[in-house]
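Notes follow once the structure below has been shown.
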Amino acid sequence: MFTVELYAAIRRAVMAEGLSRRKAAKRFGVHRNTITKMLQYSVPPGYRRRERPVSKKLGPYMAGIDKILEGDRSVHKKQRHTAQRIFERLRDEEGFSGGYTIVREYVARALLRSREMFIPLSHRPGQAQADFCQADAYIAGKKVRFHYYCVDLPHSDGCFVKAYPAETAEAFCDGHVAAFDFFGGVPQSILYDNTRLAVAKIVKGGERLRSQMFAELQSHYPFEDRFGRPGKGNDKGKVEGLVGYVRRNFMTPLPVAESFDALNVRLLDACTKRRQAILRGQSMRIGERMQADISAFMPLPPTPYDACHKIATRVSSMSQVRYRNNDYSVPTRYGHQEVLAKGYVDRVEIVCRGETVAVHARSYDKAEFIYNPLHYLALLEHKSKALDQAAPLDDWRLADCVYRLRRLMEARMGNSGRREFIQVLRLMEDFHQHLVEQAIAEALRLGAISFDAVKMLLLAKLENRPARLDLTFYPYLPVATVGATDPRAYLGLVANAAAIEPSARVSA
């Protein structure tokens, strides 16, 4: 490789001093053809190889290779042909006698020619892109794999992120509701991939049939939905970039939080702080550019969408309702009735004839039984012998004084004492557990071992009055006046008795 200095000396000798190419070649010790090339270029152009000529051995097989590569476009990327596999097929099936190197080089050039090219896009205010992705975190001391929902505003690069235990339809819709509330408006359009949460089916002509829950969401917030090409994540490149940014910046190192609510508070705070950033190629902060997006948004409806999955079902003989392969209890008086199970991200509500009869924290495990022991106390009062084997009461944590009250009641009254103890437990249907436990402890201190005593002490505590019968607290009761006894009144009774006796003898 000749240096730039040699180029300069030769070009100066020939072009400025008038030295001939022959004499320049002799003076500088280079070939005359090299002198000609140096006069064409002011600096060394580097080695430039011409297009490699097609191998005579490979030529008859090139069309077959192209056909294999074309067919691979419709195959899963992990099952596509490698250059080695193509070489083996040509050798074994077609009798190819050439080497592996020429096959590998041809495949590399063919793949390079087939790589997709893209056009830079501009985004109008009021548009959005959305996507789900996964990450790890420590929630309540346990390492879990969770899903996070991202919404990106391509015009301003504003963002919204929320974490969920699972990628479900109710989480998908709840993410929309939370994002619209965070932005203070509804985007004109949202771009998605062809997620099953929104698209039930792609029919002929590329038309999408929306899922039931997504159709309800879109009717509540009348935004336009747009979908990318199947398997083409680059169609929504802005939110794809946001997904990676969130994982690298908001979730590295692994987040540690007491609950998903606590994690989401941190994620929203990070989204808000990001509005102060000025991105490459921009002169204004994200928050300033978001004003154009917010101005183009549609207003929020008066009430948010009820983001839940609904299933019509029936209460079993065990007073349970099955939802997503888990069983949730309801009060026994609703046994065998038709109900509506509403699954939210964080809870499950059971509704009967328009009334919410049970609410449970949602479980994302499988084949679990989620009980509320209060739901079974009314039935236990009639079937008191099942008290010790009642599964809904197994994990019920009660104060020690409650168990002591039961021992005393059963020791004094036997089976009726057990039934009266269940009546004490039923006070927790209407009053908080710790208040009932305080009343029980006070009853034990006073030696008043009965349901009536516990109830009276509990009501006295709530009404902030002494635990005794004081008529000033009951003005609606009639007032009885009882005077003190006068000893002289007894003498009058004796005198009257003496006057009555003679007449009594006469009549006799």
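The values are calculated or read from the model by the stated rules, or taken from the named source; none is laboratory data. None of the values given here were measured: they were computed from a predicted structure. With ideal geometry, Cβ positions are generated from the backbone for all residues, glycine too; neighbour counts draw on all protein chains shown. Note: accessible area is taken over every heavy atom of the protein model, side chains too, but ligands, DNA and RNA are not part of it. Shrake-Rupley method; radii C 1.70, N 1.55, O 1.52, S 1.80 Å.
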- Message: So for segment 97-120 (the condition being of a type in the set (S, T, N, Q), under 30 Å from Lys67 (Cβ atoms), touching a helix residue (DSSP H, G or I) at 6+ places or on another chain (Cβ under 9 Å) and exposed (fewer than 11 other Cβ atoms within 10 Å of the Cβ)), does at least one residue qualify?
- Response: yes
- Query: Which one of Asn326, Asn372 is open to solvent by less than 20 Å² (accessible area, probe 1.4 Å), among the polar types (S, T, N, Q) and at pLDDT 95 or above?
  - Reply: Asn326
- Task: Check whether at least one residue in segment 308-331 is among the acidic types (Asp, Glu) and closer than 21 Å to Gln188 by Cα, and report yes or no.
- Result: no
- Search result, residues across segment 1-16 that are without any contact (Cβ under 8 Å) to a residue 24 or more places away in the chain and either assigned to a loop (DSSP other than H, G, I, E, B) or under 60 Å from the mean Cα position of the chain (by Cα) (or both): Ala16
- Out of Gln129, Gln134, which single residue is open to solvent by 40 Å² or more (accessible area, probe 1.4 Å) and assigned to a strand (DSSP E or B)? Gln134
- Have a look at Leu379, Leu387 and point out the one that is of a type in the set (A, V, I, L, M), open to solvent by less than 70 Å² (accessible area, probe 1.4 Å), more than 30 Å from Ala169 (Cα to Cα) and out of contact with any strand residue (DSSP E or B) (no Cβ under 6 Å at 6 or more places or on another chain). Leu387
- Task: Evaluate the following for Thr272: is it of a type in the set (S, T, N, Q), outside any helix (DSSP H, G or I), within 27 Å of Asp346 (Cα to Cα) and out of contact with any strand residue (DSSP E or B) (no Cβ under 6 Å at 6 or more places or on another chain)?
- Result: no
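Table: residues versus (1) among the hydroxyl-bearing types (Ser, Thr, Tyr); (2) assigned to a loop (DSSP other than H, G, I, E, B); (3) modelled with pLDDT of 90 or more; (4) in contact with a Leu (Cβ under 8 Å, 6 or more places away or on another chain).
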| position | (1), (2), (3), (4) |
| --- | --- |
| Gly18 | no, yes, no, no |
| Lys23 | no, no, no, no |
| Lys26 | no, no, no, no |
| Ile35 | no, no, no, no |
| Val43 | no, yes, no, no |
| Tyr47 | yes, yes, no, no |
| Arg52 | no, yes, no, no |
| Lys56 | no, yes, no, no |
| Ala63 | no, no, yes, no |
- Message: Just to check your reading of the model, which residue among Arg113, Arg145 is without any contact (Cβ under 8 Å) to a residue 12 or more places away in the chain and touching a strand residue (DSSP E or B) at 6+ places or on another chain (Cβ under 7 Å)?
- Response: Arg145
- Query: Among Ala270, Ala200, which is the only one that is at pLDDT 95 or above and of a type in the set (A, V, I, L, M, F, W, C)?
  - Reply: Ala270
- Matching residues, segment 68-87, being open to solvent by less than 70 Å² (accessible area, probe 1.4 Å), assigned to a helix (DSSP H, G or I) and touching a helix residue (DSSP H, G or I) at 6+ places or on another chain (Cβ under 9 Å): Ile68, Leu69, Asp72, Ala83, Ile86, Phe87
- Query: Got at least one residue in segment 278-297 being closer than 30 Å to Gln212 by Cβ, in a strand (DSSP E or B) and either of a type outside the set (Asp, Glu) or over 28 Å from the mean Cα position of the chain (by Cα) (or both)?
  - Reply: no
- Within segment 345-367, considering residues that are under 26 Å from Asn264 (Cα atoms), touching a residue at least 40 places away in the same chain (Cβ under 8 Å) and surrounded by fewer than 17 Cβ atoms within 10 Å (Cβ to Cβ), the one nearest to the chain's Cα centre (by Cα): Asp346
- Query: Counting just the residues of segment 200-252 that are in contact with a His (Cβ under 8 Å, 6 or more places away or on another chain) and not hydrophobic (A, V, I, L, M, F, W, C), which one comes out least open to solvent (accessible area, probe 1.4 Å)?
  - Reply: Tyr221
- Hey, can you tell me all the residues within segment 145-164 that are open to solvent by 40 Å² or more (accessible area, probe 1.4 Å) and within 18 Å of the chain's Cα centre (by Cα)? Arg145, Lys162
- Residue under evaluation Ser319, criteria (1) under 29 Å from Asp261 (Cβ atoms); (2) in contact with a strand residue (DSSP E or B) (Cβ under 9 Å, 6 or more places away or on another chain); (3) touching a residue at least 40 places away in the same chain (Cβ under 8 Å), criterion not met: (1)
- Matching residues in segment 251-269 (touching a residue at least 12 places away in the same chain (Cβ under 8 Å) and either assigned to a loop (DSSP other than H, G, I, E, B) or over 21 Å from Asp174 (Cα atoms) (or both)) number 6
- Which one of these is of a type outside the set (Lys, Arg), over 30 Å from Phe223 (Cβ atoms) and out of contact with any Asp or Glu (no Cβ under 9 Å at 6 or more places or on another chain): Glu338, Glu349? Glu338
- When you scan segment 335-408 for strands (runs of 3 or more DSSP E) that lie fully inside it, which ones turn up with 2 or more residues that are among the small types (Gly, Ala, Ser)? 338-343, 355-361
- Query: Phe431 versus (1) of a type outside the set (Val, Ile, Thr); (2) outside any loop (DSSP other than H, G, I, E, B); (3) within 25 Å of Val357 (Cβ to Cβ); (4) open to solvent by 10 Å² or more (accessible area, probe 1.4 Å): which is the lone unmet condition?
  - Reply: (2)
